[in-house]
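What follows is a short report on a single structure.
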Amino acid sequence: MAEPEFVHIVPQSLEAYRELLVDGDGFEGMDQAAAMAKRIYAGRAIWHVNSTLSGGGVSEILRSLLPYARGAGVDVRWVVLREIPEFFELTKRIHNNLHGNPGDGGELGESEHRLYEETLAESGNRLGDLVRTDDVIFLHDPQTAGLVPLMAAAGARVVWRCHIGVDHPNQLVRRAWRFLSPYVEEADAYVFSRPEYIWDSLDQARTRVMAPSIDPFLSKNQDLSPDVVEAILWTIGLADKETSVVPVFTRADGTPGRVERHAELFEEAPLPAEVKLVAQISRWDELKDHPGVLECFSRYLDDPDIHLALVGPSDGSVSDDPEGAAVLADVIAAWRQLPDAKRSRAHIVILPMDDLEENGAMVNAIQRRADVIIQKSLAEGFGLTVSEGMWKERPVVASRLGGIQDQIVDGESGVLIDDPRDLESFGRAIRDLLDDPVRAAKMGKAARSRVMNSFLGIYRLKGYVELLAALDSTGDRAG
């Protein structure tokens, strides 16, 4: 295995939120909470450990929260595991099982436990040399659960954060629970994204629920003018309209950035400026159902003025997802099989991940160019791309499952489809919004308001401060 990677965190001030939340709603008490966290954790570190730096919801959440904690004077640290491919094949199987999906169909038996424990032992030893007594360490998702006993033995207070799950667990879900429970149970606290995801086997007194959130000031979410949107799309190769405008954005440290890299595109021709665009942005994961999106587009969105963009990260950029390349290959094959007239209106957009802030600006521009954003997942822990699209005042059509249904108020701030495999309902909902721009605009404004009131990072920071205070209040387990 490679050495765990320490991620540089650029401090950010909470004052930007004070300006965004004009009437102070949501900001009240944050200064006091930040001061309390700084006081009780003076000389102590708060660690976050996950398994990928890019391309997943966990990395997006950490990128949106940790800079503000660092800016408030708290010693937060972010570590990314770098493990062997066989380990990530196993944890992807567990990930799929936690979604009720068989994944590669492999076992979760004694040999899998041995691989899991032996792989994490070395990372645990290295972290154990750095973690001090009374530090707090947040371990994210199945890839890190095996570190719980090791970090507890090092004297740290341990929180296991689970971002995935299903509302109605089947035998595959419970199999994954049985595999992970012996490790997870030793944590001082458990944090889940939804109440429905909490495992039956865990001490309910030690559980908390915290929905994920977005940072409105990151390159992925910051305001972009229409001219800059067009300039970014031209630069990456998606748009057909050349522009002299410079494709700029603002980096996290306040310095100017510029989109310079090209996307890898599978398309017959660039996207015309005047057409309507439907976009889905996600990892190349079979649970995102890209083939179903293409079939829905082919069967029910036959207007020559409607185009589709399926957008995801470059191959190999999501280190803990070994299935991504195969899924992408299948998506490209399905695109090639579309009839010529329909293939000419569909665009497969593979965005470079060399510069994550530049990548964020590319995603931002595509979401702002879209008339409708979709998330046709077959399973979803939360689905941050939904909140991201809503923040840009775009109507979102998505599956009614997982955390998606917590974000969208059906018919008000988006449209939820009860059965994610119901292609006709998806197609009709998309078409209705494209045919009624007034309704779409009204829904988009409601969507942004929904995110403003419920899914910004400042609200989660308060929750984490409360959790840290609870962990520190006694020597007993939190709860």
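The values are calculated or read from the model by the stated rules, or taken from the named source; none is laboratory data. Not measured: the values here are computed from a predicted model. Because the Cβ atoms are built from the backbone with ideal geometry, glycine has one as well, and the counts that use them run over all protein chains shown. Quick note on the areas: whole protein, heavy atoms, side chains included, nothing else; ligands and nucleic acids left out. Shrake-Rupley method; radii C 1.70, N 1.55, O 1.52, S 1.80 Å.
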**Fill in**
Of (1) part of a strand (DSSP E or B); (2) within 30 Å of Asp31 (Cβ to Cβ); (3) of a type in the set (A, V, I, L, M), Ala470 fails just (1)
**Condition check for Val311: without any contact (Cβ under 8 Å) to a residue 60 or more places away in the chain, touching a strand residue (DSSP E or B) at 6+ places or on another chain (Cβ under 6 Å) and open to solvent by 40 Å² or more (accessible area, probe 1.4 Å)** = no
**Item:** Condition met for Val259 (touching a Pro at 6+ places or on another chain (Cβ under 9 Å) and either within 20 Å of Ser219 (Cα to Cα) or open to solvent by 20 Å² or more (accessible area, probe 1.4 Å) (or both))
**Value:** yes
**Asked** Condition test on Glu107, is it modelled with pLDDT of 95 or more and part of a loop (DSSP other than H, G, I, E, B)?
**Response** yes
**Request:** Scan (1) touching a residue at least 12 places away in the same chain (Cβ under 8 Å); (2) surrounded by fewer than 22 Cβ atoms within 10 Å (Cβ to Cβ) for the single condition Asp223 breaks and write down its number.
**Result:** (1)
**Qualifying strands (runs of 3 or more DSSP E) (wholly inside region 1-91; at least 1 residues being modelled with pLDDT of 85 or more and open to solvent by 60 Å² or more (accessible area, probe 1.4 Å))** = 5-7, 76-80
**Asked** If you go through region 92-101 one residue at a time, how many are in contact with a helix residue (DSSP H, G or I) (Cβ under 7 Å, 6 or more places away or on another chain), open to solvent by 10 Å² or more (accessible area, probe 1.4 Å) and in a helix (DSSP H, G or I)?
**Response** 1
**Complete:** The strands (runs of 3 or more DSSP E) lying entirely within region 119-217 that contain at least 2 residues which are open to solvent by less than 50 Å² (accessible area, probe 1.4 Å) are 136-140, 157-162, 189-192
**Request:** Name the residue, out of Ser51, Ser59, Ser64, Ser13, that is within 18 Å of the chain's Cα centre (by Cα) and without any contact (Cβ under 8 Å) to a residue 60 or more places away in the chain.
**Result:** Ser59
**Request:** State whether one or more residues within region 278-292 are over 24 Å from the mean Cα position of the chain (by Cα), under 26 Å from Asp435 (Cβ atoms) and touching a residue at least 12 places away in the same chain (Cβ under 8 Å).
**Result:** no
**Request:** Would you mind telling me which numbered condition in (1) in a helix (DSSP H, G or I); (2) within 30 Å of Ala440 (Cβ to Cβ); (3) of a type in the set (D, E, K, R) Asp330 fails?
**Result:** (2)
**Prompt:** Does region 182-192 hold any residues that are of a type in the set (Ser, Thr, Tyr) and over 24 Å from the mean Cα position of the chain (by Cα), and which are they?
**Reply:** Tyr183
**Prompt:** What number of residues within region 359-377 are touching an Asp or Glu at 6+ places or on another chain (Cβ under 7 Å) and over 19 Å from Val58 (Cα atoms)?
**Reply:** 2
**Request:** Search region 293-306 for residues being open to solvent by 10 Å² or more (accessible area, probe 1.4 Å) and modelled with pLDDT of 95 or more, and hand back the single one that is nearest to the chain's Cα centre (by Cα).
**Result:** Glu295
**Message:** I need the full set of residues from region 210-258 which are touching an Asp or Glu at 6+ places or on another chain (Cβ under 6 Å), modelled with pLDDT of 95 or more and among the hydroxyl-bearing types (Ser, Thr, Tyr), in order please.
**Reply:** Ser219
